[in-house]
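Working notes for the structure below.
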Amino acid sequence: DVKVTQSSRYLVKRTGEKVFLECVQDMDHENMFWYRQDPGLGLRLIYFSYDVKMKEKGDIPEGYSVSREKKERFSLILESASTNQTSMYLCASLGGYNEQFFGPGTRLTVL
Amino acid sequence: GEDVEQSLFLSVREGDSSVINCTYTDSSSTYLYWYKQEPGAGLQLLTYIFSNMDMKQDQRLTVLLNKKDKHLSLRIADTQTGDSAIYFCAESIGSGGYQKVTFGTGTKLQVIP
């Protein structure tokens, strides 16, 4: 079974803090994604990566950056967290039929 | 641009069939998917259908695709309380390499015992 894990299920940070969200997949997938999920808005793509050290902006990249130093690991970075970044963050990797395998999510609260 | 729409809420009685509907706008979609999200969890792929198919059945799940109307549906037979969740429709667009996936806003299915 494909496994996608995320470093934290719940995270509470203060405004202005730097936040790292880690995602690891064990299926040697090339493509990985970060989404945020908010009520009534569905999933919105923040960034994706199609290879090590490669990244592309999604629909809402402002306020975020990413890092992909190893194939299995894709990190989302909030350089200076703000309250409007309070959300559920979902990581996914891409299988052979373009199906996405999701991690359990990280619920981030920024105070 | 691409857009995927779903109704927000559906309530059914246990044992009845549920039908969750989805419309999409991009006719060049290659795959369409249904995902399930249980409370506090990530999304889990339920099933997918290739765009040249009309129907796919997998146990209690039936997916119908009407390409002319750009309409996708998921039917769950004999709905159980464990089926209560949010269901997301998604489409994959593009050819070769990475294909962009667009998700709907999700339909919350409530199963009444």
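Just so it is clear, none of the values below were taken in a lab; they were calculated from the coordinates. Predicted model only: the values in this text are computed from it and were never measured. Virtual Cβ from ideal backbone geometry, glycine too; neighbours counted across all protein chains shown.
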For labels at A:Asn84 and B:Gln44 in the simple 7 Å Cα→Cβ model, what's the distance in nm? 3.5 nm
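Could you give the length gained on full extension between B:Ser7 and B:Leu61, defined as 0.36 nm per residue of separation minus the Cα-Cα distance, in nm? Intermediate values should be presented prior to the final figure.
On the way: separation 54, 0.36 × 54 = 19.44 nm, distance 1.88 nm.
So the extension gain works out to 17.6 nm.
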Other chains' Cβ within 10 Å of B:56-65 residues: what's the mean? 0
Under the rule of at least 5 residues apart or a separate chain, name every residue whose amide H is placed under 5 Å from the amide H of B:Thr30. B:Ser92, B:Ile93, B:Gly94
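Can you sort B:Ile93, B:Ile112 by how many other beta carbons sit within 10 Å, fewest first? Can you show the working numbers first?
Numbers: B:Ile93 18, B:Ile112 11.
Neighbour counts put them in this order, fewest first: B:Ile112, B:Ile93.
Name the trypsin sites (Lys or Arg not before Pro) in the stretch B:41-113 that are in a loop by DSSP and that have at most 10 other C-beta atoms within 10 Å, would you? Write out the running numbers ahead of the final one.
Values: sites: B:Lys56, B:Arg60, B:Lys67, B:Lys68, B:Lys70, B:Arg75, B:Lys100, B:Lys108; in loops: B:Arg60, B:Lys67, B:Lys68, B:Lys70.
Answer in residue order: B:Lys68.
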Would you order A:Ile77, B:Ile20 from fewest to most other beta-carbon atoms within 10 Å of each residue's own beta-carbon? A:Ile77, B:Ile20
Choose one of A:Ser75, B:Ser27, B:Val12: the residue whose Cα lies farthest towards the positive end of the charge dipole of the protein assembly as shown (beta-carbon charges +1 Lys, Arg; -1 Asp, Glu; about the Cα centre). A:Ser75
At 7 Å along the Cα-to-beta-carbon direction for both A:Glu30 and B:Asp54, put a label point, then send me their distance in nm to one decimal. 3.6 nm
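Could you line up B:Asp69, B:Asp26 from fewest to most neighbouring Cβ atoms inside 10 Å? Spell out each step's value before the answer.
Details: B:Asp69 8, B:Asp26 16.
Ascending Cβ contact count within 10 Å gives the list B:Asp69, B:Asp26.
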What list of ³J(HN,Hα) couplings, whole Hz, do you get for the stretch B:47-63 from phi and the Karplus terms 6.51, -1.76, 1.60, once you set θ to phi - 60° and write x for glycine and proline? 6, 9, 9, 6, 5, 9, 9, 9, 8, 9, 10, 8, 6, 7, 9, 10, 10
Around B:Leu64, under 9 Å between beta carbons, what's the net of Lys plus Arg minus Asp minus Glu among the other residues? +1
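With charges only on Cβ, +1 for K and R and -1 for D and E, what is the dipole size of chain A about its Cα centre, in debye, rounded to 20?
Values: 15 positive and 15 negative charges, 80 e Å.
With Lys and Arg at +1 and Asp and Glu at -1, about 380 debye.
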Need one number: nm distance between label points at A:Lys57 and A:Ser7, each 7 Å from Cα along Cα→Cβ, rounded to one decimal. 2.5 nm
Students often forget the sequence filter, so: which lysines lie under 16 Å Cα-Cα from A:Lys53 once same-chain residues fewer than 8 apart are removed? A:Lys70, A:Lys71
For A:93-99, what's the mean count of beta carbons from other chains sitting within 10 Å of each residue's beta carbon? 5
Please give the net charge around A:Tyr89, taking every other residue with its beta carbon less than 10 angstrom from that of A:Tyr89, where Lys and Arg add +1 and Asp and Glu add -1. +2
Zone reached by a paramagnetic label modelled 7 Å from B:Ser17 Cα along Cα→Cβ, restricted to the stretch B:31-55 with backbone N below 18 Å, covers B:54-55
